[in-house]
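Okay, so here's the structure we're looking at.
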Amino acid sequence: MNILGIETSCDETAAAVVRDGREILSNAVQSQIDLHAIYGGVVPELACRAHIEAVVPVVEKALEEAGTPLSRVDGIAVTCMPGLVGALLVGVTYAKSLALATGKPLVGVDHIHGHIYAVNLAFPELEYPFISLVVSGGHTSLYHSRREVEHELLGSTTDDAAGEAFDKVAKILGIGFPGGPAVERAARGRDPARIEFARTMLGPGSLDFSFSGVKTDVLYHVRGQDGKHPRALSTGEVADICAGFQEAVVDVLVEKALRACARRGVRRLAVGGGVACNGRLREKAAARGAAAGVTTYFPPGRFCTDNAAMIAGLGYHLLRAGRADDLTLDAVPTKLHRR
Ligand code: KG4
Ligand code: ZN
């Protein structure tokens with residue numbers, strides 16, 4: 001089965017064709033990073049308009065690169081939740097139009113479950129069950145993943161997502177967007193213990209996250225307790241702040257993920273989402289995981305950030321599980337039920 005996947009939940013317009021949930025025939029991504037960079041964050045209205053312009057050419061590119069005309073596509077999978085509602089609507093509406101025009105089956109895909117499936121694409125040998133940590137600009141969630149289409153939510157962020165905290169800290173420091181790669185670059189080779197920031201654990205048993213404290217901690221450090229007295233920072237000090245901040249976020253993510261593994265007696269940890277690109281997170285999760293008997297699975301960068309191969313791949317399993325949608329499929333910006 002050739003599945004066409006379409007992804008427009010945030011600031012990447014992406015389309016891919018994946019055969020039998022495994023073989024990636026094409027994986028086209030058009031990023032809007034340059035469009036949003038001057039604002040230091042994604043501007044929803046701009047994102048939505050850019051998706052409208054890009055979605056048709058990106059889908060055509062994916063079909064062409066795969067050498068698969070629409071007539072040889074067996075199903076259409078589209079991200080329908082969560083994300084920016086205007087952005088999601090572009091993909092969902094286009095996918096529904098294609099399904100109506102061609103009579104092909106349609107399936108809506110949860111973007112976060114897609115990020116988990118990206119780990120399967122990179123590691124076909126990864127066996128279920130495993131614990132999944134999805135860390136991106138919009139989400140920070142832990143799941144007990146039992147099969148491709150069954151993920152039990154164990155915890156999620158109560159305020160900012162981890163990637164959002166990276167983006168906001170980079171904005172405070174004026175070092176660029178997206179913040180994650182900028183912070184990681186600045187922190188390279190610095191001693192993370194030189195400036196320590198808050199690690200919010202929310203109690204010894206909690207699997208939820210909170211990153212607004214560490215972000216505010218950085219803000220106070222840079223602009224004083226009232227946030228109104230900015231200090232001139234040397235390049236070295238900016239680098240030390242980045243290293244201290246990154247370490248605090250990484251420590252919380254690794255601690256909670258390993259807690260979840262211990263709680264469920266699972267020895268495999270899959271990590272996805274843009275923040276999974278972070279080298280310090282990879283290093284620390286692997287080291288602390290090994291000490292706890294847990295193997296960690298981090299996909300290569302192009303499978304961590306938003307892409308449509310993960311949507312097409314998971315769409316295949318959803319269709320096989322009889323979970324096709326009809327033309328009432330709608331865009332849902334947030335998950336209504338946390339658990
Ligand atoms: O998964 P993604 O492409 O989009 C969302 O679904 O949000 O993730 C983007 C997020 C951004 O917040 C970005 O700053 C973060 O992932 N990110 C990183 C790194 N690369 C991207 N965070 C930390 N370290 C990185 N190397
Ligand atoms: Zn994402």
Turns out the helices (runs of 4 or more DSSP H) fully within region 269-339 with at least 1 residues that are touching a residue at least 60 places away in the same chain (Cβ under 8 Å) and either among the hydroxyl-bearing types (Ser, Thr, Tyr) or away from ligand 1 (no atom under 16 Å from the Cβ) (or both) are 309-320
Just one listed residue, out of VAL214, VAL238, is open to solvent by less than 10 Å² (accessible area, probe 1.4 Å) and not small (Gly, Ala, Ser), and it is VAL214
Turns out the strands (runs of 3 or more DSSP E) fully within region 1-80 with at least 3 residues that are under 18 Å from LEU314 (Cβ atoms) and open to solvent by 10 Å² or more (accessible area, probe 1.4 Å) are 23-31
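Hey, can you tell me all the residues within region 126-172 that are more than 17 Å from SER206 (Cβ to Cβ), among the acidic types (Asp, Glu) and either in contact with a Ser or Thr (Cβ under 6 Å, 6 or more places away or on another chain) or crowded, with 19+ Cβ neighbours inside 10 Å (or both)? Before you say what the answer is, go through the steps one by one.
Taking region 126-172 first, the residues more than 17 Å from SER206 (Cβ to Cβ) are 126-130, 132, 134, 136-139, 145-151, 163-172.
Within this subset, residues satisfying the condition of being among the acidic types (Asp, Glu) are 127, 148, 150, 164, 167.
Within region 126-172, GLU148, GLU164, ASP167 qualify.
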Residue hits (region 81-107; of a type in the set (Gly, Ala, Ser), surrounded by 19 or more Cβ atoms within 10 Å (Cβ to Cβ) and more than 16 Å from ligand 2 (Cβ to nearest atom)) are ALA95, ALA99
Within region 196-212, residues being touching a Phe, Trp or Tyr at 6+ places or on another chain (Cβ under 8 Å) and of a type in the set (A, V, I, L, M, F, W, C) number 2
Of the residues in region 1-37, those that are without any contact (Cβ under 8 Å) to a residue 40 or more places away in the chain and aliphatic (A, V, I, L, M) come to LEU35
Checked region 241-292 for anything β-branched (Val, Ile, Thr) and either within 16 Å of ligand 2 (Cβ to nearest atom) or open to solvent by 20 Å² or more (accessible area, probe 1.4 Å) (or both); matches are VAL271, VAL275
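The values are calculated or read from the model by the stated rules, or taken from the named source; none is laboratory data. Since the model is a prediction, treat every value here as computed from it, not as a measurement. For neighbour counting, all protein chains shown are included, and Cβ atoms are generated from backbone atoms with ideal geometry for every residue, glycine included. All accessible areas refer to the heavy atoms of the entire protein, side chains included, with ligands and DNA or RNA removed. Shrake-Rupley method; radii C 1.70, N 1.55, O 1.52, S 1.80 Å.
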